[in-house]
Amino acid sequence: MSAILKPGDSFLYMKVGVHANESLEDIIRRKRAEIEEAGVSFWGYGGNSCHPLTAVQPFVREETDKGVTVRLLMQEIVSHHYAQGEASEFSVDGKSYQAIPKGIRVLGSRYALVLKTLDAINFAVSLGQTRVGIGNCAGRTGAAYIRGHVDKACLVYDPAVGPKDGDATIQLGLAADLAAPYAVILR
C-alpha cells in the first residue's frame, strides 16, 4: 500500500468506464498512444466536481508547491456514458483557447486532465481514509463526499481519519502522472 499512497499524499480520484461509446480498454490504448506521440494526453471528463480552474489547478499547484506529487488514481466502474462530440480547442484560463495538440482526441467531455503517464495498478483503499483537499467540502472524508453521484474528487490520503463502519474499500486500477497545466476547459 505504501508504494502508491503515504499519509499526506494528495491525489485526484476518478471513477472511469465506458465513455463516449468507447470501452475503457480502447480509451487506455488510445491515451497511451497519444502520450507516446504527443508527450501528453487529455483525459476527458465532465460534471460539476473538479472544475479545472476552481479545483484541479489550484489544488495541484498548492500541493506541488509543498513538494507533493499529485497523481490521478482511477477506479473502474460499470458506465453507460454515450455523449457525442469531439473537442477541437482547449483553454488553461477559460478565456483564451488554442487548438488541441496534434495526435490527441478528446470525446464527449467538457474538461480534461493533462496526463504524461498512464499505468495499470492494483491498489485497494478506503475513501474513509481520505479527506477532501479543496473547496466548500475541504476536510470532509472522501467516503462522505463521494456518496451518491459524485465521481471525482481532489483528495488527501489521511489514514488517521478512518475508515468508519460502512466505508467500503475500493479497488484502484489506473494511475497517471499529471503534466502542467494539470486540467483544461474544452470546446
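The values are calculated or read from the model by the stated rules, or taken from the named source; none is laboratory data. All figures in this text were calculated on a predicted structure; none of them were measured in a lab. Here Cβ is always computed from backbone atoms with ideal geometry, including for glycine, and neighbour counts include all displayed protein chains.
Note on segment 60-75: among residues that are more than 12 Å from the chain's Cα centre (by Cα) and in contact (Cβ under 8 Å) with a residue 60 or more places away in the chain, the one that is surrounded by the most Cβ atoms within 10 Å (Cβ to Cβ) is Glu63.
Is it fair to say Pro52 is surrounded by 21 or more Cβ atoms within 10 Å (Cβ to Cβ) and under 30 Å from Val161 (Cβ atoms)? Yes, satisfied.
Any residue at all in segment 81-93 that is surrounded by fewer than 18 Cβ atoms within 10 Å (Cβ to Cβ), more than 26 Å from Glu63 (Cβ to Cβ) and in contact with a Phe, Trp or Tyr (Cβ under 7 Å, 6 or more places away or on another chain)? The answer is yes, given that some residue of segment 81-93 is surrounded by fewer than 18 Cβ atoms within 10 Å (Cβ to Cβ), more than 26 Å from Glu63 (Cβ to Cβ) and in contact with a Phe, Trp or Tyr (Cβ under 7 Å, 6 or more places away or on another chain). When Asp151 is tested against (1) surrounded by 17 or more Cβ atoms within 10 Å (Cβ to Cβ); (2) at pLDDT 95 or above, only condition (2) is not met.
Can you tell me which residue is nearest to Gly148 (Cα to Cα) among those in segment 23-45 that are of a type outside the set (A, V, I, L, M, F, W, C) and surrounded by 17 or more Cβ atoms within 10 Å (Cβ to Cβ)?
Only one residue fits best here, namely Tyr45.
Among the strands (runs of 3 or more DSSP E) confined to segment 1-78, the ones with at least 1 residues that are touching a Lys or Arg at 6+ places or on another chain (Cβ under 9 Å), among the acidic types (Asp, Glu) and more than 17 Å from Asp177 (Cβ to Cβ) are located at 71-76.
May I ask you to say which residue of Gly173, Gly142 is among the small types (Gly, Ala, Ser) and crowded, with 18+ Cβ neighbours inside 10 Å? Every option except Gly142 fails the conditions. Among residues of segment 10-35 that are closer than 23 Å to Thr64 by Cα, those with a beta-carbon under 6 Å from a residue that is in a helix (DSSP H, G or I) and not hydrophobic (A, V, I, L, M, F, W, C) at least six positions away or on a different chain give the pairs Ser10/Glu63.
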